[in-house]
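One structure is given here, and the rest of the page talks about it.
The values are calculated or read from the model by the stated rules, or taken from the named source; none is laboratory data. What you are looking at is a predicted structure, and each value in this text was computed from that prediction instead of being measured. Here the Cβ positions follow ideal geometry from the backbone for every residue, glycine too, while neighbour counts run over all protein chains shown.
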Amino acid sequence: MGEIVVGVDESEGSAQALRWAVSEAELHGWTVTAAMAWGFVDQHHAIAGEHFDPGYREKDALAALDSLVTKAIGDRAATVQQRVVCDLPAQALLDASADADLLVVGARGLGGFKGLLLGSVSQHCLHHTTVPIAIVRGAAPRSGGRVVVAVDGSATAQQALEWAVDEARLRTRARSSESRTR
């Protein structure tokens, strides 16, 4: 069984990525792990509130993650595993997804001044991940669309092409199955 790791924070882009990952997991029959970075100084998560809490720990980050997952996907939250990592967001996601079949991130996170200092989490993950990555840029998954892949003759491009062909076949079968059941 495969696994999708999806980065979660308080942004709408993160919620969109989580919803997309859950739909993708259902299509593949895979599991989803929602991963969130946290730090002793970085306490902007939903449970922490506005003020620094010297007692903020992993259990608080887990409570914040659970709240974010439930807010984004409602009852489907029970099907999602949750993991918090005490690290910077990009490194936390790279570590959490090291053995996954797919890493999913939103195109836009919290941003702001902190984002300028640390750089784009999605961009860092794109350049450093060792697993396939999906960067979700929209609110709703599209069905019936095309699978597009760029190739340049390299071994990596060949792997990407094979992955894209498999994805297109899977989606074609799913659409055929849906139309037969209607």
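Below are the figures for this structure:
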read-out: Top-ranked residue of the stretch 109-141 - restricted to ones that are of a type in the set (S, T, Y) and part of a loop (DSSP other than H, G, I, E, B), ranked as modelled with the lowest pLDDT; value: S120
read-out: Any hit, the stretch 33-49, residues being farther than 26 Å from S120 by Cβ and at pLDDT below 90; value: yes
read-out: In the stretch 2-15, the residues that are touching a helix residue (DSSP H, G or I) at 6+ places or on another chain (Cβ under 8 Å) and more than 13 Å from S97 (Cβ to Cβ); value: D9, E10, S14, A15
read-out: Pairs where the first residue, in the stretch 169-182, is within 14 Å of E24 (Cα to Cα) and the second is modelled with pLDDT of 80 or more, C-beta under 8 Å, 6+ apart; value: L170/L27; L170/H28; R171/L27; R171/V147; A174/L27
